[in-house]
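Reading through the structure tokens given below for one structure.
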Amino acid sequence: MDVKTLCLGALDLGDATGYEIKKMFETGIFSHFHEASFGSIYPALTRLTDEGLLTCKSQQQGGRPDKKIYSITAEGRRALAQAIERPVSGDRFKSEFLFVMLFADMLSPENVTNLLENRIRDVRGELNELQAEQDSCVNPGQEFVRRYGEAVMRASLTFINENRHLVENPVRKNEVAPVR
């Protein structure tokens with residue numbers, strides 16, 4: 001999905017500055033879907049404004065440059081509706097954790113255990129955040145996405161706990177498993 005569509009979606013939830021949209025991609029509702037940098041958000045906002053899909057008003061700030069607040073237009077909502085009606089591509093899952101675990105046999109047992117424990121802590125934190133958002137969902141789609149996120153986080157915790165033995169106590173090639 002392109003950044004223009006993501007910005008339209010963010011602004012469909014309410015007026016926002018470019019900085020606030022960026023925060024939605026870092027820690028907010030969009031953090032689970034996509035990454036977007038200031039270098040892609042601001043040009044997208046400019047193009048969307050030029051195309052009449054957004055409006056922009058300036059708000060003065062004492063001793064600082066004016067803040068630009070963007071709002072979606074009726075035409076912008078129609079463009080968003082058209083964009084989300086297109087077939088979606090498959091999900092792409094990117095994980096530094098999984099990349100490192102791919103080479104777990106090169107790590108010390110202590111490092112593997114620390115990585116797993118840190119991942120469990122992080123996933124529990126994400127799960128807690130999703131559960132805390134329960135009352136902030138304003139439509140069925142938001143509740144569906146929140147619950148989907150919860151299910152993914154719970155499945156991750158279950159998988160790690162049930163399969164951590166594979167990387168914490170591996171049987172190496174050409175080695176015989178210890179007798180227990």
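State which helices in the chain qualify, where a helix is a whole DSSP H run, it must extend 15 Å or more along its own axis by its Cα atoms, and its mean Kyte-Doolittle hydropathy must be at least -1.0. Can you show the working numbers first?
Details: long enough: 38-50 (18 Å, 0.25); 74-85 (17 Å, -0.37); 109-132 (34 Å, -0.89); 140-163 (34 Å, -0.50).
Qualifying helices: 38-50, 74-85, 109-132, 140-163.
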note = Excluding residues fewer than 8 positions from residue 68 in its own chain, the lysines with Cα under 25 Å of it are 4, 22, 23, 57
query = Roughly what % of Cα-Cα distances in region 3-85 sit above 15 Å, to the whole percent?
reply = 54 percent
key: Among 114-121, 22-29, the order from most to least packed when residues are scored by Cβ within 10 Å on average   = 22-29, 114-121
Read-out log10 I(q)/I(0) by the Debye sum over Cα atoms at q = 0.10, 0.19 Å⁻¹, derived from the coordinates shown; its label in (i) -0.43, -1.27; (ii) -0.57, -1.27; (iii) -0.34, -1.35 = (ii)
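Can you tell me the dipole magnitude for region 1-112 around its Cα centre, using point charges on the Cβ only (Lys, Arg +1; Asp, Glu -1), in Debye to the nearest 20?
Values: 13 positive and 15 negative charges, 96 e Å.
For this selection, approximately 460 debye.
Hey, can you rank 149-162, 58-71 by average C-beta count inside 10 Å, highest first? Write out the running numbers ahead of the final one.
Working: 149-162: 14.3, 58-71: 10.9.
The peptides rank, most packed first, as 149-162, 58-71.
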request  = Pop the C-beta distance of residue 26 and residue 169 into the FRET formula with R0 = 41 Å and round what comes out to the nearest 0.05.
outcome  = 0.65
message = Run the numbers for residue 69 and residue 19: contour at 0.36 nm per residue of separation, minus the present Cα-Cα distance, in nm.
response = 17.0 nm
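Readers should treat all values here as calculations from the given coordinates under stated rules, not as data from a laboratory. Remember, it's a predicted structure, so these values are computed and weren't measured experimentally. Here Cβ is always computed from backbone atoms with ideal geometry, including for glycine, and neighbour counts include all displayed protein chains.
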